[in-house]
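Participant: The structure is given below, and queries will be raised subsequently.
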Amino acid sequence: MKSPVVLKTIAEMIQWRRSVVDQSVGFVPTMGALHEGHASLLKKSGDENDITVLSIFVNPTQFNQTQDLAKYPRTWDEDIRCATAEGVDAVFYPSFTDMYPDNYIFSVHENDFSHLLCGASRPGHFQGVLTIVLKLINLVQPQKVYMGEKDYQQLHLIKKMVQALFLPTQIIGCPTIRNADGLALSSRNTRLSDDERDRSSLIYKTITTAANTTEAKTILEKAGFKIDYLVDIENRRYAAVYVGDVRLIDNVPL
Ligand code: PAF
C-alpha cells in the first residue's frame, strides 16, 4: 500500500494539482477523525476516479461554540492509516492562515434553508461550511465531490451552492453508514460513554418508526434525551438530539 502525498500549503496543492491535470479527480472534504462513513466515500471516489483527494481541516468558522471546536477529535495517525488503506492519492492538510488569508472577511451566505434546523441552533454554521467548501473546491478542482447523507442539510446546501455559483463539479450524496444497532457513524460518537452510545441507537429507531414527530419527541424525551429539533420537511425527518453534552444529528426519508 502506497502512502498518500501530504500537501500542507496552498502552493503545494496547486503545484500537485497541475501534475494530475489530465486525470479525473474525486474529492472527499473532511475534518478528520475518519470512520467507516468516510472510508465508504473514499472507496466510492476511488472506484469512480483516477485520483482521490482527501482534505483534513477542522474549520473554525463553522463552530459557533469554542468548546465544541476544542473538543473536536484530532486523530492524524489513524486518519493517514485509513487514507492509505483506501488508496487516497493526496491528503490536503492546510493551516487556518492558508485557508483564510482574508481572516474570514469574505464568506458565502445562503438566505433560506441555512437558517432552519442546524442553522437555527448554530448561527453562522452553514456560512462557515459553505465558505470553506467553496475554497476547497476551488483549490482541488475535482470533477466529483463525495459527501454523506448523514449531514443532509449540509449536502443539500452545498449542491445548491454549486448550482448557484456555476462551479464545474458534481456533488454526490452517499448513504449514511450506521452501526449494527442503527446509530449513524459520526466523529462525535467517540465522545459518548459506552452507556450513552448504546442508548443513542434509540434515535434512529424512533425517527424511523414513530408515526409523527410528536410521538418521536415523547419517546426520546422519556428516554432522557434533550431534543434540539425533530421535524418533517419535504418527505424527510430531521433530528438533532443531545446525549449528555454531545449533540447528534440524523435524518431519514419518510
Ligand atoms: O462535514 C464535514 O466534515 C464538514 O462540514 C466539511 C464539509 C468538511 C466542511 O468543513
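The values are calculated or read from the model by the stated rules, or taken from the named source; none is laboratory data. It should be emphasised that the depicted structure is a prediction, and the values quoted were computed from it without experimental measurement. Here Cβ is always computed from backbone atoms with ideal geometry, including for glycine, and neighbour counts include all displayed protein chains.
Participant: Which residue pairs have Cβ atoms under 8 Å apart, sit 6 or more places apart or on different chains, and have a first residue in segment 207-226 that is farther than 17 Å from PRO253 by Cα and a second that is among the polar types (S, T, N, Q)?
Facilitator: Qualifying pairs under 8 Å: ILE219/THR206; LEU220/THR206.
Participant: Still on this structure, please answer the following. State all residues of segment 4-43 that are surrounded by fewer than 19 Cβ atoms within 10 Å (Cβ to Cβ) and assigned to a helix (DSSP H, G or I); if no residue qualifies, say none.
Facilitator: ILE10, ALA11, GLU12, ILE14, GLN15, TRP16, ARG18, SER19, GLU36, ALA39, LYS43
Participant: Among the numbered conditions (1) over 30 Å from LYS2 (Cβ atoms); (2) surrounded by 15 or more Cβ atoms within 10 Å (Cβ to Cβ), tell me where PRO101 comes up short.
Facilitator: That leaves (2) as the condition not met.
Participant: Where the second residue is more than 14 Å from the ligand (Cβ to nearest atom) and among the aromatic types (Phe, Trp, Tyr) and the first is farther than 17 Å from LEU34 by Cβ and assigned to a loop (DSSP other than H, G, I, E, B) and lies in segment 170-187, which pairs have Cβ atoms under 6 Å and are six or more apart or on separate chains?
Facilitator: Once the first residue is farther than 17 Å from LEU34 by Cβ and assigned to a loop (DSSP other than H, G, I, E, B) and sits in segment 170-187, its partners that are more than 14 Å from the ligand (Cβ to nearest atom) and among the aromatic types (Phe, Trp, Tyr) give GLY182/TYR204.
Participant: Now, a different point. Scan segment 104-125 and tell me whether some residue there is hydrophobic (A, V, I, L, M, F, W, C) and within 14 Å of ILE56 (Cα to Cα).
Facilitator: no
Participant: Counting just the residues of segment 235-246 that are farther than 13 Å from LEU117 by Cα and not aliphatic (A, V, I, L, M), which one comes out surrounded by the fewest Cβ atoms within 10 Å (Cβ to Cβ)? Show your work before the answer.
Facilitator: At the first step, the residues of segment 235-246 found to be farther than 13 Å from LEU117 by Cα are 235, 242-246.
Retained after the next criterion (residues that are not aliphatic (A, V, I, L, M)): 235, 242, 244-245.
Working: ASN235: 7, TYR242: 12, GLY244: 15, ASP245: 10.
The selected residue is ASN235.
Participant: OK, next. Here is a list: LYS205, LYS150, LYS160. Which entry is farther than 24 Å from PRO123 by Cβ, assigned to a helix (DSSP H, G or I) and modelled with pLDDT of 95 or more? If you could, list the steps in order and put the result at the bottom.
Facilitator: Numbers: LYS150 fails: farther than 24 Å from PRO123 by Cβ; LYS160 fails: farther than 24 Å from PRO123 by Cβ.
From the options LYS205, LYS150, LYS160, the qualifying one is LYS205.
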